[in-house]
1. Take the range 97-128 and flag every residue that is of a type in the set (Val, Ile, Thr) and open to solvent by less than 20 Å² (accessible area, probe 1.4 Å).
2. Taking ALA341 as the residue in question, decide whether it is small (Gly, Ala, Ser) and in contact with a His (Cβ under 8 Å, 6 or more places away or on another chain).
3. Answer yes or no as to whether ALA386 is open to solvent by less than 30 Å² (accessible area, probe 1.4 Å), away from the ligand (no atom under 16 Å from the Cβ) and within 13 Å of VAL309 (Cβ to Cβ).
4. For a quick check of your reading of the model, give me the residue pairs whose first member lies in the range 88-105 and is free of Cβ contacts under 8 Å to residues at least 40 places away in the same chain, whose second is open to solvent by 60 Å² or more (accessible area, probe 1.4 Å) and part of a loop (DSSP other than H, G, I, E, B), with beta-carbon atoms closer than 6 Å and at least 6 apart or on different chains.
5. Could you count how many residues in the range 160-188 are within 28 Å of the chain's Cα centre (by Cα), without any contact (Cβ under 8 Å) to a residue 60 or more places away in the chain and open to solvent by less than 60 Å² (accessible area, probe 1.4 Å)?
6. Within the range 164-177, is there a residue that is in contact with a Pro (Cβ under 8 Å, 6 or more places away or on another chain) and more than 16 Å from ILE115 (Cβ to Cβ)?
7. So LEU107 passes all but one of these: (1) assigned to a helix (DSSP H, G or I); (2) within 14 Å of the ligand (Cβ to nearest atom). Which condition number does it fail?
8. How many residues does the range 235-292 hold that are among the hydroxyl-bearing types (Ser, Thr, Tyr) and open to solvent by 50 Å² or more (accessible area, probe 1.4 Å)?
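The values are calculated or read from the model by the stated rules, or taken from the named source; none is laboratory data. Everything quoted here is computed from the prediction, not taken from an experiment. Every residue, glycine among them, receives a Cβ derived from its backbone with ideal geometry; neighbour counts consider all protein chains shown. Quick note on the areas: whole protein, heavy atoms, side chains included, nothing else; ligands and nucleic acids left out. Shrake-Rupley method; radii C 1.70, N 1.55, O 1.52, S 1.80 Å.
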Amino acid sequence: MRLSVIGCGYLGAVHAAAMASIGHDVVGIDVDARKIEALSRGDAPFFEPGLQEILTEGISAGRLRFSTDMADAAGAAVHFVGVGTPQQKGGYAADLTYVNAAVDALLPYLSEGDIVAGKSTVPVGTAESLAGRISATGATLVWNPEFLREGWAVQDTVDPDRLVAGVPSAGGEPDEEGARAVALLREVYHTAVAKGTPFIVTDYATAELVKVSANAFLATKISFINAMAEIAEVTGADVTQLADAIGHDARIGRRFLGAGIGFGGGCLPKDIRAFSARAEELGRGESVAFLREVDEINLRRRDRAVHLVVDALGGSAYTKKVTVLGAAFKPHSDDIRDSPALDVAARLHGLGAEVTVTDPEAIENARRVHPQLTYVEDRDTALRGADAVIVVTEWDEYRRELDPSHAADLASGRIIVDGRNCLDPAAWRAAGWDYRGMGRP
Ligand code: UGA
């Protein structure tokens with residue numbers, strides 16, 4: 001099928017390349033000429049495992065191209081809209097400027113029978129507000145949220161755990177236009193459909209809410225375990241053992257019960273805030289009031305990590321050499337948006353520490369936002385002479401591959417703070433380190 005993907009950021013670039021990889025003829029469109037130039041050359045604009053390969057493959061097979069000209073969307077049967085919905089400046093609500101601009105720019109190129117598939121994460125009610133403009137051209141709007149995780153984005157796009165389509169409905173069922181849109185979307189996602197991937201067909205509002213409620217649930221799960229870490233800290237309990245034990249209950253599950261410095265990234269923090277703001281607008285602020293607590297617990301964990309370092313250094317980090325292992329908001333990503341890792345590094349710098357940051361992928365991005373920090377590519381060079389070391393992104397390079405005795409040969413001090421509870425305390429202590437975890441004795 002011929003497809004267009006409007007917006008070639010994280011979501012759009014991966015979506016375009018992934019759709020080409022399953023045989024579609026795809027044009028990716030973005031207003032950012034530099035991004036389009038890079039993508040057209042086959043250069044992945046960010047680090048995402050597997051993206052480079054499918055980008056190169058799609059371009060050389062002639063199934064994937066990129067353009068800054070919206071007119072190139074004309075003729076596609078399905079137009080995906082995957083532009084950003086950042087947090088508004090000075091507020092919690094989502095900024096819909098890019099979604100509105102993308103749809104307005106696309107309107108002149110839509111034909112009778114086309115599908116516009118919204119993928120951006122939007123406040124509930126957005127699809128309804130866009131549908132009229134789109135149907136006036138003879139095209140149909142569907143809301144088809146994306147659940148990809150950074151670091152697994154290609155796999156999650158090609159082989160998602162569920163597909164959701166919000167379509168025009170009447171009396172709780174897709175109307176004729178909606179049913180036709182569903183048939184087209186099933187063709188688009190033919191590989192996942194053939195595998196029997198659950199395909200949930202619903203109305204616009206439910207589809208929009210599926211996305212934000214999934215992220216709200218995940219954020220709540222992480223903050224729940226971090227709240228337990230706070231209690232563990234004053235009782236001498238071990239939050240990782242607690243998580244293992246409750247995680248064996250299949251109703252709870254162990255995933256996303258990793259206590260540490262909390263969640264960050266371009267999605268969870270902004271999505272829970274936008275959800276709160278939207279609920280307020282709808283007169284149901286109290287229904288998701290707990291999300292404020294979720295946010296606050298999350299932010300407190302960064303303070304805790306900083307406190308652990310300062311405390312271990314005897315009450316002051318001033319002029320102390322602190323090596324920060326990690327900058328990305330999570331491993332397998334070079335994304336530093338709202339990264340708790342980088343925030344901890346910047347706060348330690350603010351307290352007068354001489355901070356050296358290392359990360360396998362995110363240094364370039366981190367330097368742009370926090371040029372005041374010292375960055376070193378090589379992990380061992382970064383460790384040399386450190387008074388204290390803190391792990392803030394659980395890359396294998398630190399979690400599995402860093403031998404405590406080897407680290408002890410490099411550092412000056414013996415303080416290790418495990419901001420992600422990803423190290424083996426016994427092994428580090430045996431090598432002479434003063435090990436401090438998050439919510440662990
Ligand atoms: C998140 C969701 O997981 C995806 O399903 C969703 O599609 C995506 O947002 C989105 O809205 O686009 P992502 O932001 O890539 O994906 O990252 P996650 O894997 O959810 O991790 C988010 C943060 O939580 C990271 O900082 C991670 O370190 C932290 N985390 C995760 C924990 O602190 N503890 C855990 O147990 C798990």
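1. Once the filter is applied, which keeps residues that are of a type in the set (Val, Ile, Thr) and open to solvent by less than 20 Å² (accessible area, probe 1.4 Å), the range 97-128 yields VAL99, VAL103, ILE115, VAL116, VAL122, THR126.
2. Taking the combined requirement at face value, the residue does not satisfy it.
3. Spelling it out, ALA386 is indeed open to solvent by less than 30 Å² (accessible area, probe 1.4 Å), away from the ligand (no atom under 16 Å from the Cβ) and within 13 Å of VAL309 (Cβ to Cβ).
4. So the pair list comes out as ASP95/GLN88.
5. Looking only at that region, the number is 7.
6. no
7. Here LEU107 meets the rest and fails (2).
8. 2
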